[in-house]
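First up is the structure itself, then whatever we jot down about it.
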Amino acid sequence: MKLTTEIKQQIIAHAQHLPNLETCGLICGDRIFPCGNIANNPKEAFEISTDYFEEINAATPVTAIYHSHWQDSQPALLSPTDISNSKASKIPYLLYHTAFGQWDYYSPGDIYPYPLIPNLHSPKSLEYYLGWKFEYNRSDCYTLFRSYYKGMLGVELPDFPRGDIEETTSPDWDMFTDSFVSCGFRKLVSGEPLQINDVILMCITGSCTHHAAILLDPSTGKALHNLGEGRLSEIFMYGGYWVERTRLVIRYSN
């Protein structure tokens, strides 16, 4: 979706018309369709009627869903629920914060999780994948893994449903080892030499495998990951502590 000045002005006008509620609506091409907010508490959340959505989408395909925040206590960021809903519906989500005059946008089809923050590098360059703010389910270690494989290698990997970050320390959660074979990867056998673009699966805390890093240079241990809250995606040297935390190494074999 192209976020034009005209679309922004229409959304701002809708939000200013109802300044103490979360306004919401649908974007179809270069125009918006404001919707009634049917959430139980429209000051704190938003919900769009499924019937209205289907009616509009049947006539003019919906290219994005928007809503507003208006309270100083609310961040000018899409919530984890917004990100999950965007992924489930495969429709981009857009947020406007009336108090701050700021925007946030997420598209589940993009390899870059913050499209409104300029990334001046090519997806074919390593620099493109550095400095991404960690945000679970939006910009986490698996997001970086998927984006790197798509942008650098042209390999499309599925995006598995994820809930709250606390699930990664649950003994019942193991997204990586349960799924890598179906995605075209194989587990390296003991003693097998590492290669560029091998994926290192680790357990940092708890008992399950919940962290992924990409090996960039087997000779030096240079690797790429997005470790956790308060961190940015970065290059690190794989060895010592990281080897001790490794559960398995997988290689794309298709």
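The values are calculated or read from the model by the stated rules, or taken from the named source; none is laboratory data. Owing to the predicted nature of the structure, the values given are computational and were not obtained by experimental measurement. Every residue, glycine as well, gets a Cβ built from its backbone with ideal geometry; the counts of neighbours run over all protein chains shown.
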Condition first: crowded, with 17+ Cβ neighbours inside 10 Å and either within 21 Å of the chain's Cα centre (by Cα) or more than 28 Å from P108 (Cβ to Cβ) (or both). Now tell me which residues in region 174-187 satisfy that.
D174, M175, F176, F180, C183
Would you check if G221 is surrounded by fewer than 21 Cβ atoms within 10 Å (Cβ to Cβ) and in contact with a strand residue (DSSP E or B) (Cβ under 7 Å, 6 or more places away or on another chain)?
yes
Restricting attention to region 117-129, does a residue exist that is at pLDDT below 95 and either closer than 23 Å to G228 by Cα or basic (K, R) (or both)?
yes
Select from region 40-65 the residues that are out of contact with any strand residue (DSSP E or B) (no Cβ under 6 Å at 6 or more places or on another chain) and polar (S, T, N, Q) and write down the one among them that is surrounded by the most Cβ atoms within 10 Å (Cβ to Cβ).
N57
Identify, please: which residue in region 8-39 is out of contact with any Asp or Glu (no Cβ under 6 Å at 6 or more places or on another chain) and among the β-branched types (V, I, T) and is, among those, surrounded by the fewest Cβ atoms within 10 Å (Cβ to Cβ)?
I12
Quick check on this structure: which one of G230, G154 is under 21 Å from G131 (Cβ atoms), under 21 Å from the mean Cα position of the chain (by Cα) and surrounded by fewer than 12 Cβ atoms within 10 Å (Cβ to Cβ)?
G230
Of the conditions (1) buried (at least 16 other Cβ atoms within 10 Å of the Cβ); (2) under 22 Å from I32 (Cα atoms), A88 clears all except one; give me its number.
(1)
Filter region 171-198 for residues that are part of a loop (DSSP other than H, G, I, E, B) and either out of contact with any strand residue (DSSP E or B) (no Cβ under 7 Å at 6 or more places or on another chain) or modelled with pLDDT under 90 (or both) and give the result.
P171, D172, W173, D174, V181, S182, C183, V189, S190, G191, E192, P193
Has region 244-254 got any residue that is assigned to a loop (DSSP other than H, G, I, E, B) and farther than 26 Å from R162 by Cα?
no
For region 113-139, which residues satisfy the criterion of being within 11 Å of the chain's Cα centre (by Cα), assigned by TED's automatic domain parsing to the domain that holds D159 and assigned to a loop (DSSP other than H, G, I, E, B)?
W132, F134, Y136, N137, R138
